[in-house]
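The values are calculated or read from the model by the stated rules, or taken from the named source; none is laboratory data. Because the structure is a prediction, the values reported are computed rather than measured. Cβ: placed from backbone, ideal geometry, glycine included. Neighbour counts: every protein chain shown.
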Amino acid sequence: MYDVAIIGGGPGGYAAALYAHNFGLTVALVEKDQVGGTCLLRGCIPAKSWLQTAEVYSTVAESADFGVVSAPPQVDWPAALARKQKVVTGLVNGLSGLLKSRNVDVIDGYGRLVDGGVEVTAADGATHRVEARNVIIATGSVPRTIPGYDIDGMRVVTSDQALDWSAQPSRVAVIGGGVIGCEFASFLSDLGTKVHLFEALDSLLPGTEPEAVKVLERRFKKKKVKVHTGTMVGPAQVTADGVVVPYGDDSVEVEVVLVAVGRAPVTSDLGLEEAGVTLDAGFVVVDRDTMQTSAPGVYAVGDIVAGVPQLAHAGFAEGISAITHIATAGIAPVDYRAIPLVAYTHPEIASVGLTEAGAKEAGIDIDVSSHGMRGVGRAIIQGQTGGVVKIISEKEGPIIGATVAGPGAGDMIHELMYVVAWEALPAEAAAFIHAHPTVSEAIGETLLSASGKSLH
């Protein structure tokens, strides 16, 4: 009898398994593929490897601007693919070793919730039961698709297949202008692929500060990405040579279509309904203080949880929250308002807390401060002056949201994460001094403005 059985070895699942060691809990982790989940195997890590390749390529391509003359770069796609896989394999092996060192029993097979634990079906069809006092469901998500775009893995693909293309496509249509779609459009265009990017809503990265989106749009324009916002696509027409994508009164022919319209929770055929677990449109409803479902002793974490962001680091925190309740009966609720969101595009866009529009929708009386990077010394040195920092604060109150667009935004946002989480007043945060010259000085300048004492 295990203290905890976990179905799914992605970020939420393995974080819970590792954290349980702190309390001396016995853990079985059931995984039908490899440990690591979507993020490590088919999402965050491999995508960022491709983005890093694109950044290096762009740096070399633009090196003359810095007084370095070199031959025009060429993409060695097989080498980049091999490097991506090496990164993934190394991390998978490291995670496997860490789980072993924490005495987590990793069980290969498909897990299904049953009374008293988990039923595991092995690859050969054999079944056995893993008995456990508590069960954590962490089965993750899969790419969604849309009518008229049947995924064939060749001409019409999702991010799962696109990360393993054996050769660089010459022309790609990306359907979906959210984080996944924009990241693919970013690295593909940087590497020289012709990209059409379609988004049904009126803006890329819906819900993101418009000033930050404009920074990305300028980069896309420079790389000749054809952005189609407020545009619905018709059914794909697959030909011998490619795919015709109709939109409005026009169409575009590409080599391949990448469908990036979000991700759906993996919650079917898990025995959830039979166990009394409440679902909402396929997502699992939980008590957010504990991550416990409507079925006692059954918890859910990660992409399957209703009403929370589908982020690997959110899954980490949810796994810790679930284990804390299992081990101590105490609570360690996730502070979702202070979880950063990063689009690893070139340039990066990162945010935490409320946007200006979100604050106004909530009826909050706010002050808004922003600062561009055209006068920031380090940004000028790097040749990346198109960025912006925007801070939202309650009128005569704490900072409640922030967005950064520009070089290193994904790292810079954590300073503002603490500011939002600790409900710091603008004047309190502005009192801290940033090193010069750094891009982060743009945050310091914006905080000064938010405190009513701008420097420039």
I'd like to check something: does the stretch 51-67 contain any residue that is surrounded by fewer than 19 Cβ atoms within 10 Å (Cβ to Cβ), of a type outside the set (Lys, Arg), closer than 27 Å to residue 271 by Cβ and out of contact with any Pro (no Cβ under 7 Å at 6 or more places or on another chain)? no
Residue tally, condition at pLDDT 95 or above and more than 16 Å from residue 213 (Cβ to Cβ), over the stretch 382-391: 1
Scan (1) under 21 Å from the mean Cα position of the chain (by Cα); (2) over 26 Å from residue 390 (Cα atoms); (3) surrounded by fewer than 19 Cβ atoms within 10 Å (Cβ to Cβ) for the single condition residue 231 breaks and write down its number. (1)
Residue in the stretch 21-29 that is of a type in the set (Val, Ile, Thr), surrounded by fewer than 20 Cβ atoms within 10 Å (Cβ to Cβ) and over 18 Å from the mean Cα position of the chain (by Cα) present: yes
May I ask you to list pairs of residues, at least six apart or on different chains, whose Cβ atoms are under 9 Å apart, with the first in the stretch 399-414 being outside the structural domain of residue 210 (by TED's automatic domain parsing) and the second being of a type in the set (Phe, Trp, Tyr) and not in a strand (DSSP E or B)? 410/344
Scope the stretch 326-339; condition surrounded by fewer than 20 Cβ atoms within 10 Å (Cβ to Cβ) and touching a residue at least 12 places away in the same chain (Cβ under 8 Å); matching residues: 327, 328, 331, 332, 333, 335, 336, 337, 338, 339
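Considering only the stretch 1-96, give the helices (runs of 4 or more DSSP H) lying wholly within it that have at least 2 residues that are touching a strand residue (DSSP E or B) at 6+ places or on another chain (Cβ under 6 Å) and either over 30 Å from residue 127 (Cβ atoms) or of a type in the set (A, V, I, L, M) (or both). Reasoning before the result, please.
Numbers: elements: 11-20, 37-42, 44-61.
By residue number, 11-20.
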I'm told residue 147 meets every condition in (1) outside the structural domain of residue 286 (by TED's automatic domain parsing); (2) surrounded by 15 or more Cβ atoms within 10 Å (Cβ to Cβ) except one. Can you identify the failing condition by its number? (2)
Consider the stretch 293-334. How many of its residues are farther than 19 Å from residue 140 by Cβ and of a type outside the set (A, V, I, L, M)? 8
Which of (1) touching a residue at least 60 places away in the same chain (Cβ under 8 Å); (2) touching a Pro at 6+ places or on another chain (Cβ under 7 Å); (3) part of a strand (DSSP E or B) is the odd one out, the single condition residue 349 does not satisfy? (2)
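May I ask you to verify whether residue 361 is in contact with a strand residue (DSSP E or B) (Cβ under 7 Å, 6 or more places away or on another chain) and more than 30 Å from residue 27 (Cβ to Cβ)?
no
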Filter pass, residue 169 being surrounded by fewer than 16 Cβ atoms within 10 Å (Cβ to Cβ) and more than 22 Å from the chain's Cα centre (by Cα): no
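Among the residues of the stretch 139-188, count how many are acidic (Asp, Glu) and in a loop (DSSP other than H, G, I, E, B).
3
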Could you grab me the full set of residues in the stretch 276-292 that are farther than 21 Å from residue 323 by Cβ and in a loop (DSSP other than H, G, I, E, B)? 276, 278, 281, 282
Any residue at all in the stretch 178-197 that is in contact with a helix residue (DSSP H, G or I) (Cβ under 9 Å, 6 or more places away or on another chain) and over 28 Å from residue 74 (Cβ atoms)? no
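Could you identify the single residue in 298, 285, 305, 368 that is out of contact with any Leu (no Cβ under 9 Å at 6 or more places or on another chain), outside the structural domain of residue 398 (by TED's automatic domain parsing) and β-branched (Val, Ile, Thr)?
305
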Got at least one residue in the stretch 267-286 being free of Cβ contacts under 8 Å to residues at least 12 places away in the same chain and among the β-branched types (Val, Ile, Thr)? no
